[in-house]
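Visitor: My questions will all concern the structure given below.
The values are calculated or read from the model by the stated rules, or taken from the named source; none is laboratory data. Predicted, not measured: the structure shown is a model, and the values here were computed from it. Note that we place each Cβ from the backbone using ideal geometry, even for glycine, and neighbour counts take in every protein chain shown.
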Amino acid sequence: MAKKKLSVGMIGYGFMGRAHSNAYRKVSNFFDNEYVPVLKAACGRDAEKVKAFADTWGYESTETDWRKLIERKDIDAVDICVPNNLHKDIAIAAAHAGKMILCEKPLAMNTAEGEEMCKAVEKAGVLNTVWYNYRRVPAVSLAKKLIDEGRLGKIFHYRAMFLQDWTISADLPQGGAGLWRLDAAAAGSGVTGDLLAHCIDTAIWLNGPVKDVTAMTEIFIKERTHTATGKVQPVGIDDACAFLAHFKNGSLATFESTRYARGHKALYTFEINGEHASIQWDLHDLHRLNWFDHRDESIVRGWRSIHVTDGDMPYMGHWWVPGLQIGYEHSFVHQVADFLANVAKGESTAPTFRDALETQCVCDAVLGSAKSGKWEKVAAAK
């Protein structure tokens with residue numbers, strides 16, 4: 001049977017633009033879906049750079065104005081890979097134009113923007129997803145399966161941290177194409193919206209809604225030169241954040257993230273402790289899920305390392321033979337595969353805009369608590 005084509009318009013050509021483009025190119029080689037993606041157009045403000053990006057990844061055409069891309073009749077789905085402050089306007093315009101939308105995380109600058117975006121896609125009835133890709137690392141998906149099967153029993157504790165070290169130098173400027181994450185006007189927040197948002201999304205997916213939080217944040221380097229003005233300006237993003245939380249299921253949580261953990265480039269870990277069993281996962285060893293089961297006979301009871309490569313484990317049946325690993329980039333391939341499968345069903349793909357709005361609400365509560373010095377309830381999204 002002939003495959004149906006789904007034409008993608010990519011807005012942005014940085015790190016995530018490359019990660020997503022790679023996924024679109026690879027997915028149909030390994031997943032047999034009714035739809036196949038076609039790289040129809042890439043969009044960026046710098047004509048020369050977006051042309052080079054399009055040539056590298058095989059996009060058929062380019063645009064330098066995202067509005068023109070959205071107006072095009074030959075675009076079915078819009079992929080938003082731009083700084084956070086641009087998400088809302090692009091997503092709402094794409095929804096009004098009837099385009100499917102794949103949006104990078106976090107959903108928006110704040111909850112209010114996210115609510116506008118949700119209303120727009122829901123009113124238009126367009127299919128949507130947000131790129132919280134760690135859900136689709138096979139070991140993390142296996143953790144979800146084990147929890148949903150009740151193997152851990154009642155959950156008592158959830159611990160997560162995401163540590164990096166790339167902003168320690170005081171000479172590093174803020175703003176611009178490469179460093180917009182250090183500019184509050186473009187990013188909204190620092191590690192909370194960038195790194196902890198991943199931790200929070202995974203936590204909600206695995207362990208359910210967060211009820212309330214108490215947080216602290218720190219800006220270690222108070223001023224940096226802005227690339228746009230050349231002037232030294234105050235830094236408005238959080239360099240580090242730690243918070244405690246209650247989940248609605250009664251479990252307790254600790255979350256920590258920083259860009260000042262010397263020696264850690266991308267250490268994302270979580271551990272979950274239940275009445276019967278515990279699990280641990282580490283992005284640096286992303287194909288292993290550590291498992292402890294108290295129900296084992298005492299003489300063999302202990303932590304074991306599950307190498308997630310067998311064909312009956314999440315997603316792995318589409319790749320190589322047992323024992324051979326895949327990597328970070330494959331989590332994006334998995335999200336595209338799921339998106340294409342759901343397009344055939346007429347369904348959005350989790351995490352949807354509405355799912356990502358729940359994470360946005362937690363992020364806003366965290367930042368609010370850090371300012372107030374008090375416990376903050378996580379507001380219900382509108």
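Visitor: Going through the range 280-297 one residue at a time, which ones are under 13 Å from HIS307 (Cα atoms) and within 21 Å of the chain's Cα centre (by Cα)? Can you show your working first?
Guide: If we filter the range 280-297 for residues that are under 13 Å from HIS307 (Cα atoms), which is where we start, we get 280-282, 285-291.
Residues satisfying the conditions are GLN280, TRP281, ASP282, ASP285, LEU286, HIS287, ARG288, LEU289.
Visitor: Moving on to the next point. Out of CYS199, CYS241, report the one residue that is touching a strand residue (DSSP E or B) at 6+ places or on another chain (Cβ under 8 Å), assigned by TED's automatic domain parsing to the domain that holds ARG151 and assigned to a helix (DSSP H, G or I). Give the derivation first.
Guide: Working: CYS241 fails: assigned to a helix (DSSP H, G or I).
Criteria check complete, one pass: CYS199.
Visitor: Here's something else I'd like to know. Within 17 Å of the chain's Cα centre (by Cα), under 27 Å from SER251 (Cα atoms) and surrounded by fewer than 20 Cβ atoms within 10 Å (Cβ to Cβ): does that describe LYS144?
Guide: Judged against the criteria, LYS144 is a match.
Visitor: Within the set of pairs 6 or more residues apart or between chains, which connect a residue that is on the phi > 0 side of the Ramachandran plot inside the range 94-110 to a residue that is surrounded by fewer than 22 Cβ atoms within 10 Å (Cβ to Cβ) and of a type in the set (Val, Ile, Thr) with Cβ atoms less than 7 Å apart?
Guide: GLY98/VAL126
Visitor: Return the residues of the range 95-125 that are under 19 Å from GLN335 (Cβ atoms) and more than 20 Å from the chain's Cα centre (by Cα); say none if nothing qualifies.
Guide: Correct list: LYS99 only.
Visitor: Look through VAL27, VAL50, VAL38 and report the one residue that is on the phi < 0 side of the Ramachandran plot and within 22 Å of the chain's Cα centre (by Cα). Show your work before the answer.
Guide: Details: VAL50 fails: within 22 Å of the chain's Cα centre (by Cα); VAL38 fails: within 22 Å of the chain's Cα centre (by Cα).
Exactly one residue qualifies, and that residue is VAL27.
Visitor: Suppose we filter GLY178, GLY193 for residues that are of a type outside the set (A, V, I, L, M, F, W, C), in a helix (DSSP H, G or I) and in the same structural domain as LYS371 (by TED's automatic domain parsing); which single one remains?
Guide: None of the other options fit; the residue is GLY193.
Visitor: Right, here's the next one. If you take the residues in the range 369-382 that are in contact (Cβ under 8 Å) with a residue 24 or more places away in the chain and surrounded by fewer than 20 Cβ atoms within 10 Å (Cβ to Cβ), which one is farthest from the chain's Cα centre (by Cα)? Break it down into steps so the answer makes sense when it comes.
Guide: Applying the first criterion (in contact (Cβ under 8 Å) with a residue 24 or more places away in the chain) to the range 369-382 yields 369-370, 374-379, 381-382.
With surrounded by fewer than 20 Cβ atoms within 10 Å (Cβ to Cβ) added as a condition, the list becomes 374-375, 377, 379, 381-382.
Details: LYS374: 28, TRP375: 26, LYS377: 23, ALA379: 21, ALA381: 19, LYS382: 22 Å.
Step by step, filter the range 369-382, then rank; the result is LYS374.
Visitor: Moving on to the next point. Taking the condition of being touching a helix residue (DSSP H, G or I) at 6+ places or on another chain (Cβ under 6 Å) and not aromatic (Phe, Trp, Tyr), how many residues in the range 241-257 meet it? Lay out the reasoning, then the answer.
Guide: Of all residues in the range 241-257, those touching a helix residue (DSSP H, G or I) at 6+ places or on another chain (Cβ under 6 Å) come to 241, 243, 247, 255, 257.
Narrowing further to those that are not aromatic (Phe, Trp, Tyr): 241, 257.
Final tally of qualifying residues: 2.
Visitor: So which of ALA344, ALA356 ends up being touching an Asp or Glu at 6+ places or on another chain (Cβ under 8 Å), at pLDDT 95 or above and either assigned to a loop (DSSP other than H, G, I, E, B) or within 26 Å of LYS4 (Cα to Cα) (or both)? Don't jump to the end; show me each part of the working.
Guide: Details: ALA356 fails: either assigned to a loop (DSSP other than H, G, I, E, B) or within 26 Å of LYS4 (Cα to Cα) (or both).
Only one candidate passes the filter, namely ALA344.
Visitor: Name the pairs: first residue in the range 9-38 and without any contact (Cβ under 8 Å) to a residue 24 or more places away in the chain, second residue part of a loop (DSSP other than H, G, I, E, B), Cβ to Cβ under 9 Å, at least 6 apart or on different chains?
Guide: PHE15/CYS81
Visitor: What do you reckon, is GLU271 in contact (Cβ under 8 Å) with a residue 24 or more places away in the chain and among the charged types (D, E, K, R)?
Guide: Details: in contact (Cβ under 8 Å) with a residue 24 or more places away in the chain: yes; among the charged types (D, E, K, R): yes.
In short, yes.
Visitor: Does ASP171 count as on the phi < 0 side of the Ramachandran plot, free of Cβ contacts under 8 Å to residues at least 12 places away in the same chain and of a type outside the set (Lys, Arg)?
Guide: On the way: on the phi < 0 side of the Ramachandran plot: yes; free of Cβ contacts under 8 Å to residues at least 12 places away in the same chain: yes; of a type outside the set (Lys, Arg): yes.
So ASP171 passes the test.
Visitor: Tally time: how many residues in the range 58-92 are under 14 Å from ILE11 (Cβ atoms), in contact with a strand residue (DSSP E or B) (Cβ under 9 Å, 6 or more places away or on another chain) and either at pLDDT below 95 or not charged (D, E, K, R) (or both)?
Guide: Here the count works out to 17.
Visitor: So for the range 119-140 (the condition being assigned by TED's automatic domain parsing to the domain that holds GLU256, surrounded by fewer than 23 Cβ atoms within 10 Å (Cβ to Cβ), at positive phi and part of a loop (DSSP other than H, G, I, E, B)), does at least one residue qualify?
Guide: no
Visitor: Now for a separate question. Go through the residues of the range 299-309 one by one and say whether even a single one is assigned to a helix (DSSP H, G or I) and out of contact with any Lys or Arg (no Cβ under 6 Å at 6 or more places or on another chain). Give the steps one after another, and end with the answer.
Guide: Step one: list which residues in the range 299-309 are assigned to a helix (DSSP H, G or I), which gives 299-300.
Next cut, out of contact with any Lys or Arg (no Cβ under 6 Å at 6 or more places or on another chain) only: 299-300.
Checking the range 299-309: at least one residue is assigned to a helix (DSSP H, G or I) and out of contact with any Lys or Arg (no Cβ under 6 Å at 6 or more places or on another chain).
Visitor: With the checklist (1) outside any loop (DSSP other than H, G, I, E, B); (2) in contact with a His (Cβ under 8 Å, 6 or more places away or on another chain); (3) surrounded by 19 or more Cβ atoms within 10 Å (Cβ to Cβ); (4) not hydrophobic (A, V, I, L, M, F, W, C) in hand, flag the one item SER257 doesn't pass.
Guide: Status for SER257: all satisfied but (2).
Visitor: Output the residues belonging to the range 54-88 that are assigned to a helix (DSSP H, G or I) and buried (at least 21 other Cβ atoms within 10 Å of the Cβ).
Guide: Listed by number, the residues that qualify are ALA54, TRP66, LEU69, ILE70, ASN84, HIS87, LYS88.
Visitor: Taking GLN335, is it of a type outside the set (Val, Ile, Thr) and part of a helix (DSSP H, G or I)?
Guide: On the way: of a type outside the set (Val, Ile, Thr): yes; part of a helix (DSSP H, G or I): yes.
Here the answer is yes, as GLN335 does meet what is asked.
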